[in-house]
Amino acid sequence: MMNSREPRINSAAGSNGRIVVARILPESDLIEAIEKICIDNNVKSGIIVSCIGALRQAVLLNPVTVDPSAPKPDKTTDEVRSGYGDALLLKGPLQILSGQGAVITKDDNTLLVHIHATVVNEGHEVYGGHLPKGKNLIDDTAEVTIQEISGMKLSLKYDPDTSEQHLFPISE
């Protein structure tokens with residue numbers, strides 16, 4: 001059944017800042033390397049426009065339905081909720097076909113790199129999902145392009161509907 005209520009959104013407008021392009025070297029963790037690229041280039045909010053390359057291993061997280069009888073703090077509907085299931089560990093060689101995401105500044109001024117990617121193994125099997133920090137090791141190279149955002153801060157904010165922290169854009 002379709003939801004007939006008005007769409008609920010959080011949005012803000014900013015403008016394009018600098019574009020940062022980098023190569024990530026072998027044995028680096030993809031997320032940790034993107035964090036370092038952003039720190040070294042003083043990118044506090046941005047969009048990961050492109051990420052391609054090769055991985056020795058990948059860990060992917062994908063959504064699963066949360067038990068509908070589980071408590072739903074501050075939520076009064078019976079809508080389906082989701083969370084992450086067990087991590088899927090893929091051994092390489094793997095090719096990153098596509099990766100996009102966001103660079104977010106948390107309240108403590110640390111960076112959060114949130115990226116989803118599609119990878120393929122040597123058997124031509126394709127997988128995709130959220131890439132957690134510290135688990136995705138570069139094989140021979142990865143190339144990333146980051147578009148800095150000016151006039152807007154990408155932050156995290158608690159959402160009582162999901163009981164989780166989510167992207168919250170703020171105009172500056």
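The values are calculated or read from the model by the stated rules, or taken from the named source; none is laboratory data. The shown structure was predicted, so the numbers you read here are calculated from the model rather than taken from an experiment. Because the Cβ atoms are built from the backbone with ideal geometry, glycine has one as well, and the counts that use them run over all protein chains shown.
Filtering region 22-43 to residues that are charged (D, E, K, R) and within 17 Å of the chain's Cα centre (by Cα) leaves Asp29, Glu32, Glu35, Lys36.
The numbered conditions (1) modelled with pLDDT of 95 or more; (2) in a loop (DSSP other than H, G, I, E, B); (3) of a type in the set (S, T, N, Q) are all true for Thr141 except (2).
Among residues of region 15-37 that are farther than 16 Å from Leu55 by Cβ and in a helix (DSSP H, G or I), those with a Cβ under 7 angstrom from a residue that is at pLDDT 95 or above and among the β-branched types (Val, Ile, Thr), sequence gap 6+ or separate chain, pair up as Glu35/Val113; Ile37/Val20; Ile37/Val144; Ile37/Ile146. Residue count for region 133-144 satisfying the condition of being surrounded by fewer than 16 Cβ atoms within 10 Å (Cβ to Cβ) and within 15 Å of Ile34 (Cα to Cα): 3.
The single residue among Gly123, Gly128, Gly151 that is in contact (Cβ under 8 Å) with a residue 60 or more places away in the chain and loosely packed, with under 14 Cβ neighbours inside 10 Å turns out to be Gly151. Within region 150-172, if we keep just the residues that are under 16 Å from the mean Cα position of the chain (by Cα) and of a type in the set (A, V, I, L, M), the residue that is farthest from Asn62 (Cα to Cα) turns out to be Leu154.
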